1. From the set of residues in region 21-38 that are part of a helix (DSSP H, G or I) and of a type in the set (A, V, I, L, M), which is surrounded by the fewest Cβ atoms within 10 Å (Cβ to Cβ)?
2. Among the residues of region 124-182, what is the count of those that are within 21 Å of Val85 (Cα to Cα) and among the aromatic types (Phe, Trp, Tyr)?
3. With respect to Ser18, is the statement that it is part of a helix (DSSP H, G or I) and crowded, with 16+ Cβ neighbours inside 10 Å true?
4. Suppose the filter is more than 22 Å from Ser18 (Cα to Cα), in contact (Cβ under 8 Å) with a residue 12 or more places away in the chain and not hydroxyl-bearing (Ser, Thr, Tyr); does Ala115 pass it?
5. Name the one entry in Leu14, Leu106 that is closer than 24 Å to Gly128 by Cβ and modelled with pLDDT under 95.
6. I'd like the full set of residues that are hydrophobic (A, V, I, L, M, F, W, C), crowded, with 19+ Cβ neighbours inside 10 Å and free of Cβ contacts under 8 Å to residues at least 40 places away in the same chain, limited to region 125-151.
7. May I ask you to say which residue of Ser80, Ser98, Ser57 is surrounded by 13 or more Cβ atoms within 10 Å (Cβ to Cβ), small (Gly, Ala, Ser), in contact (Cβ under 8 Å) with a residue 12 or more places away in the chain and in contact with a Pro (Cβ under 6 Å, 6 or more places away or on another chain)?
8. Tell me, please, whether a residue that is exposed (fewer than 11 other Cβ atoms within 10 Å of the Cβ) and hydrophobic (A, V, I, L, M, F, W, C) can be found in region 69-77.
Amino acid sequence: MRQGWRDTFSHVILPIVSLIVLVIAKHTRGLSWQDLGLRWPSLRSALLWLALFAVLSAGEEIAGKAWGVAAPEPWGTKYSIPAVVTRVFAMVVLAPMSEELLFRGLLYKLLGDTAAGPLGAIAITAAGFALLHFQYYGPEMLFVALDGLFYGFARYATGSTLLTMIFHSLGNLYAAYQRVGR
């Protein structure tokens, strides 16, 4: 029997629960969706940040190879087809949506309105984002922290968490491809 439904279920349920908690916190704090950055940036700004994201991603890929970071282990037959589809959906849609709304949406807004200001909010949310990804270590953790900083600066420059969700989804899509596409 193929393993992984319990683990797969946690990849789905945790982002959903965090989205529910986030909506409750949003309403409790009296915040709007605009406060959380749910708006589109200008096309010019989006394209500029997309180009920067491509440079960051390529740089991390090159540095990872130079530092001997192993490619993720392919899932192979570890999971059933429905479990793989569910895991990819959770990686590419649910996790980026919940994590970006939490870190670059709610926490960025709350911290940015304190003495920490926007730059402090970027640093603190990037650190929290990295800690959330505790399954990584060494250079991989550095890459997660750099991604968190990049997403934070993109949020600051564009005011958009929709853009950071797209970047996060693209990065996770590549990670899913590494696990499934081999």
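The values are calculated or read from the model by the stated rules, or taken from the named source; none is laboratory data. Small disclaimer: the values here were computed from a predicted structure and weren't measured. Here the Cβ positions follow ideal geometry from the backbone for every residue, glycine too, while neighbour counts run over all protein chains shown.
1. Within region 21-38, the subset part of a helix (DSSP H, G or I) is 21-29.
Filter once more, keeping what is of a type in the set (A, V, I, L, M): 21-25.
Working: Val21: 13, Leu22: 18, Val23: 13, Ile24: 10, Ala25: 15.
If we take residues in region 21-38 being part of a helix (DSSP H, G or I) and of a type in the set (A, V, I, L, M), then Ile24 is surrounded by the fewest Cβ atoms within 10 Å (Cβ to Cβ).
2. Matching residues across region 124-182 total 3.
3. Details: part of a helix (DSSP H, G or I): yes; crowded, with 16+ Cβ neighbours inside 10 Å: yes.
Taking the combined requirement at face value, the residue satisfies it.
4. Values: more than 22 Å from Ser18 (Cα to Cα): yes; in contact (Cβ under 8 Å) with a residue 12 or more places away in the chain: no; not hydroxyl-bearing (Ser, Thr, Tyr): yes.
Criteria not met by Ala115.
5. Numbers: Leu106 fails: modelled with pLDDT under 95.
Only one candidate qualifies: Leu14.
6. Restricting attention to region 125-151, the residues satisfying the condition of being hydrophobic (A, V, I, L, M, F, W, C) are 126-127, 129-132, 134, 141-146, 149-150.
Filter once more, keeping what is crowded, with 19+ Cβ neighbours inside 10 Å: 126, 129-130, 143-144, 150.
Across region 125-151, the qualifying residues are Ala126, Phe129, Ala130, Val144.
7. Details: Ser80 fails: in contact with a Pro (Cβ under 6 Å, 6 or more places away or on another chain); Ser57 fails: in contact with a Pro (Cβ under 6 Å, 6 or more places away or on another chain).
Unique residue meeting the criteria: Ser98.
8. Step one: list which residues in region 69-77 are exposed (fewer than 11 other Cβ atoms within 10 Å of the Cβ), which gives 70-71, 73, 76-77.
Now drop any that are not hydrophobic (A, V, I, L, M, F, W, C), which leaves 70-71.
Yes - at least one qualifying residue is present in region 69-77.
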